[in-house]
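Trainee: The structure's right below; bear with me while I get my questions together.
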Amino acid sequence: MKKIIIGLVIVVGVAVGLGLVKGLQIGSMIAAGKAFVPPPETITSASAREEQWQDSLSAVGSVNAAQGVIVSPEIAGTVTEIDFESGATVNQGDLLIKLDATSEEAQLRAAEAQVQLAKLNLDRTQKLRTDNTVSQSELDQADATLKQNQANADAIRATIDKKNIRAPFAGRLGIRLVNLGEQLDVGKGIVSLQALTPVYVDFSLPQQNLSQLSTGLVVQVTSDSYPGTNFTGELTAINPDLNSMTRSVQLRAKFENADQLLRPGMFVHVAVILPQAEAVLAVPATAILSAPFGDAVYLIEPQVANGVTNLVAQQKFIRTGRMHGDFVGVESGLKAGDRVVTSGLFKLHNGSSVQENNAATDSPKPSLTPTLPNS
């Protein structure tokens, strides 16, 4: 029995000793946990800054050539010569194709012979009239016969000229639609010809904007074909009447298009830049935390603890305005110079310690079209 009691005492002592050691370890871990300060989160930042944003009116439009046509023959004929390449640039009057004109040329030679004969008859009649050998009516008849023969010859020459199909204006040709030896009917398309410098952009705006419009305003367009490229032109025409169905006014802007990037039929985004500008406090759009109860930002503020200054993020609610490219206008809640977090927002909470690293940050860019905030 004595041995059993001694054994129990030893077991209890060991258990108590182990419990004390484990309790000390847990206490040390709790104290270390309370004393642990998480490392600061790495974020990017930007300053709220005052900018002048110009108002603009947005629309979608379509590019049209200043002059554009599908070249086609006025009279039927067989293609005997093709003098252009698809996609070539031509000047006004350049020969494009020739149609067979052998029969007209033969008729022209006969008509010219008739003209020569009529001239000789007129000269002879004029001499006889001087001697009063013939009457004035015979002289008039000879003169009329000459003029009629000359008109017949001119008509044949015009027909031959129409069979030499030329570029009606300077521009760029499209894809050839005919082949050598093909029989062309009147109006059959030969090739598209478009004058690409300048071009027009046609678009429309609601009647509410009519009072803000005047010719001479700057118009900028962008196309999905050339991301990041803005084309600048001028508002040149405002339709005098409105569309009775849509209550919108048709507008036209002119673009020099020296590099010929804008092509007829192209869809573009249009912004009519209004002359007045408005002062706006702007922050990058990536700094905004949107929520049903309001928009917020994380404001970076210094905090002094134990004589050491650290940066912390404090959530602040703001009221936003319109957007301008990668920026958002702030109507209240911030002041110029306030620094806000622009990336890493979702790993932060109120009072998070942060450190800034803007070394590899792309600069946000304004767009040509400010937009209104969502209601």
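The values are calculated or read from the model by the stated rules, or taken from the named source; none is laboratory data. Only a predicted model underlies this, so the values are computations on that prediction, with no experimental measurement involved. Neighbour counts are summed over all protein chains in view; Cβ atoms, including those assigned to glycine, are modelled from backbone coordinates with ideal geometry.
Trainee: Only one of these is farther than 22 Å from Glu105 by Cβ and among the charged types (D, E, K, R): Arg157, Arg166, Arg129. Name it.
Mentor: On the way: Arg157 fails: farther than 22 Å from Glu105 by Cβ; Arg166 fails: farther than 22 Å from Glu105 by Cβ.
The unique qualifying residue is Arg129.
A quick yes/no check of all residues on (1) exposed (fewer than 12 other Cβ atoms within 10 Å of the Cβ); (2) touching a strand residue (DSSP E or B) at 6+ places or on another chain (Cβ under 7 Å):
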{"position": "Ser244", "(1), (2)": "yes, no"}
{"position": "Ala258", "(1), (2)": "yes, yes"}
{"position": "Val280", "(1), (2)": "no, yes"}
{"position": "Thr320", "(1), (2)": "no, yes"}
{"position": "Ser343", "(1), (2)": "no, yes"}
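Trainee: Surrounded by 11 or more Cβ atoms within 10 Å (Cβ to Cβ) and hydrophobic (A, V, I, L, M, F, W, C): does that describe Val12?
Mentor: Details: surrounded by 11 or more Cβ atoms within 10 Å (Cβ to Cβ): no; hydrophobic (A, V, I, L, M, F, W, C): yes.
No: the conditions fail for Val12.
Trainee: Checking the condition surrounded by 19 or more Cβ atoms within 10 Å (Cβ to Cβ) and of a type outside the set (Phe, Trp, Tyr), which residue from Ala170, Ala151, Ala142, Ala155 passes?
Mentor: Values: Ala170 fails: surrounded by 19 or more Cβ atoms within 10 Å (Cβ to Cβ); Ala151 fails: surrounded by 19 or more Cβ atoms within 10 Å (Cβ to Cβ); Ala155 fails: surrounded by 19 or more Cβ atoms within 10 Å (Cβ to Cβ).
Answer to the check: Ala142.
Trainee: Follow-up question, since we're still on this one. Please determine whether any residue of the range 87-98 is over 28 Å from the mean Cα position of the chain (by Cα) and under 10 Å from Lys163 (Cα atoms).
Mentor: Among the residues of the range 87-98, at least one is over 28 Å from the mean Cα position of the chain (by Cα) and under 10 Å from Lys163 (Cα atoms), which makes the answer yes.
Trainee: Kindly indicate whether any position in the range 359-372 is at pLDDT 85 or above and under 32 Å from the mean Cα position of the chain (by Cα). Explain how you work it out, then say what you get.
Mentor: Keep residues of the range 359-372 that are at pLDDT 85 or above, which gives none.
No: zero hits.
Trainee: Could you pull out every one of the strands (runs of 3 or more DSSP E) wholly within the range 193-261 that has 3 or more residues that are touching a residue at least 24 places away in the same chain (Cβ under 8 Å), over 14 Å from Ser56 (Cα atoms) and under 15 Å from the mean Cα position of the chain (by Cα)?
Mentor: Numbers: elements: 218-222, 231-242, 248-255.
The qualifying strands (runs of 3 or more DSSP E) are 248-255.
Trainee: For Leu311, are the conditions met, namely being at pLDDT 90 or above, more than 30 Å from Leu210 (Cβ to Cβ) and of a type outside the set (Phe, Trp, Tyr)? I'd like the intermediate steps shown before the answer.
Mentor: Working: at pLDDT 90 or above: no; more than 30 Å from Leu210 (Cβ to Cβ): yes; of a type outside the set (Phe, Trp, Tyr): yes.
So Leu311 does not fit the description; no.
Trainee: Of these, Gly329, Gly321, Gly337, Gly344, which one is at pLDDT 85 or above and at positive phi? Break it down stepwise before answering.
Mentor: On the way: Gly329 fails: at positive phi; Gly321 fails: at positive phi; Gly344 fails: at pLDDT 85 or above.
That would be Gly337, the only listed residue that is at pLDDT 85 or above and at positive phi.
Trainee: State whether the residues of the range 11-30 include one that is part of a strand (DSSP E or B) and on the phi < 0 side of the Ramachandran plot. Walk me through it before giving the result.
Mentor: The initial filter retains those residues of the range 11-30 that are part of a strand (DSSP E or B), namely none.
Among the residues of the range 11-30, not one is part of a strand (DSSP E or B) and on the phi < 0 side of the Ramachandran plot, which makes the answer no.
Trainee: OK, next. Considering each of Gly87, Gly61 in turn, give the residue that is among the small types (Gly, Ala, Ser), at pLDDT 95 or above and farther than 30 Å from Asn357 by Cβ.
Mentor: Working: Gly87 fails: at pLDDT 95 or above.
None of the others qualify; the one that does is Gly61.
Trainee: Follow-up. Being exposed (fewer than 10 other Cβ atoms within 10 Å of the Cβ) and either outside the structural domain of Val330 (by TED's automatic domain parsing) or modelled with pLDDT under 80 (or both) is the filter here, so list the residues in the range 294-308 that pass it.
Mentor: Going through the range 294-308, the residues exposed (fewer than 10 other Cβ atoms within 10 Å of the Cβ) turn out to be 302, 304, 306-308.
Selection gives Val304, Asn306, Gly307, Val308.
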